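Accompanying notes for the structure given below.
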Ligand SMILES: Cc1cc2nc3c(=O)[nH]c(=O)nc-3n(C[C@H](O)[C@H](O)[C@H](O)COP(=O)(O)O)c2cc1C
């Protein structure tokens with residue numbers, strides 16, 4: 001990956017499934033994609049609960065990790081060029097606030113920027129079951145140009161671990177962003 005490529009914004013909000021954010025981060029970082037990372041306060045707690053990690057995991061790699069409570073970062077402005085943005089996992093609260101254009105924190109503002117600039121915005125919601133409100137918010141975002149990529153791993157390739165299930169979703173996210181990858185097995189039809 002060209003290190004002069006526009007950075008990608010990778011954000012993790014406070015839904016269960018922190019492993020999805022970590023897996024996507026690991027794959028993008030390994031691929032040499034320049035990253036600006038945002039972890040919400042609730043996501044930081046869930047990283048601890050589910051993976052015994054916190055945002056220090058991302059900081060120690062040397063990537064830019066932004067404070068979600070501040071706006072004075074490049075990704076808050078449309079004039080800063082990026083290649084796209086991912087929210088994984090995306091909580092229903094976060095998804096609702098983005099769909100309403102609230103821009104109440106850096107993550108929401110960056111998502112708003114990606115929609116207005118017509119750049120790729122991939123949301124990985126994790127909630128079940130879904131209410132009419134959740135579904136309407138997703139439809140509104142999809143119509144505004146976002147890709148709704150639910151945390152729904154396939155089982156065709158018989159994943160054995162949570163990491164393999166998360167890798168399936170990470171691979172789909174990289175596909176949407178047109179980042180060449182072999183993160184997850186690809187279905188080849190009946191053989
Ligand atoms: C342990 C824990 C697990 C949660 N899991 C989910 C979840 O899976 N999906 C969801 O939509 N919200 C979940 N929530 C609720 C969100 O954290 C809450 O809506 C919060 O406003 C999200 O804020 P954020 O998006 O800024 O991180 C969870 C909260 C906690 C404390």
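Taking the criterion of being closer than 12 Å to residue 13 by Cα and either outside any helix (DSSP H, G or I) or more than 8 Å from the ligand (Cβ to nearest atom) (or both), would at least one residue in segment 114-122 satisfy it? Looking through segment 114-122, none of the residues is closer than 12 Å to residue 13 by Cα and either outside any helix (DSSP H, G or I) or more than 8 Å from the ligand (Cβ to nearest atom) (or both). Here's a check for you: in segment 129-138, which residue that is more than 20 Å from residue 177 (Cα to Cα) and under 18 Å from the mean Cα position of the chain (by Cα) is farthest from the ligand (Cβ to nearest atom)? Taking the candidates together, the pick is 137.
With respect to (1) within 17 Å of residue 85 (Cα to Cα); (2) more than 16 Å from the ligand (Cβ to nearest atom); (3) in a loop (DSSP other than H, G, I, E, B), the lone exception for residue 157 is condition (1). For segment 1-53, the set of residues classified as within 14 Å of the ligand (Cβ to nearest atom) and over 21 Å from residue 110 (Cα atoms) consists of 16, 17, 19, 45, 46, 47, 48, 49, 50, 51, listed by residue number. Taking segment 55-70 as the range and being within 15 Å of the ligand (Cβ to nearest atom) and not in a strand (DSSP E or B) as the test, the residues that pass are 55, 67, 68, 69, 70. Of all residues in segment 5-21, those that are touching a residue at least 40 places away in the same chain (Cβ under 8 Å) and farther than 19 Å from residue 167 by Cα have Cβ atoms under 9 Å from Cβ atoms of residues that are within 11 Å of the ligand (Cβ to nearest atom) and part of a loop (DSSP other than H, G, I, E, B), 6 or more apart or on another chain, in 14/40; 14/91. Regarding residue 88, is this residue modelled with pLDDT of 95 or more, within 15 Å of the ligand (Cβ to nearest atom), under 14 Å from the mean Cα position of the chain (by Cα) and part of a strand (DSSP E or B)? Considered against the rule, which asks whether it is modelled with pLDDT of 95 or more, within 15 Å of the ligand (Cβ to nearest atom), under 14 Å from the mean Cα position of the chain (by Cα) and part of a strand (DSSP E or B), residue 88 comes out as yes.
Would you point out the residue of segment 91-113, among those that are part of a loop (DSSP other than H, G, I, E, B) and within 17 Å of residue 12 (Cα to Cα), that is farthest from the ligand (Cβ to nearest atom)? Residue satisfying both the conditions and the ranking: 103. Candidates are the residues of segment 53-109 that are out of contact with any strand residue (DSSP E or B) (no Cβ under 9 Å at 6 or more places or on another chain) and under 19 Å from residue 150 (Cα atoms); the one that is surrounded by the fewest Cβ atoms within 10 Å (Cβ to Cβ) is 93.
The values are calculated or read from the model by the stated rules, or taken from the named source; none is laboratory data. Just so it is clear, the structure is predicted and the values come from calculations on it, not from any experiment. Positions of Cβ are backbone-derived with ideal geometry, glycine not excepted, and every protein chain shown enters the neighbour counts.
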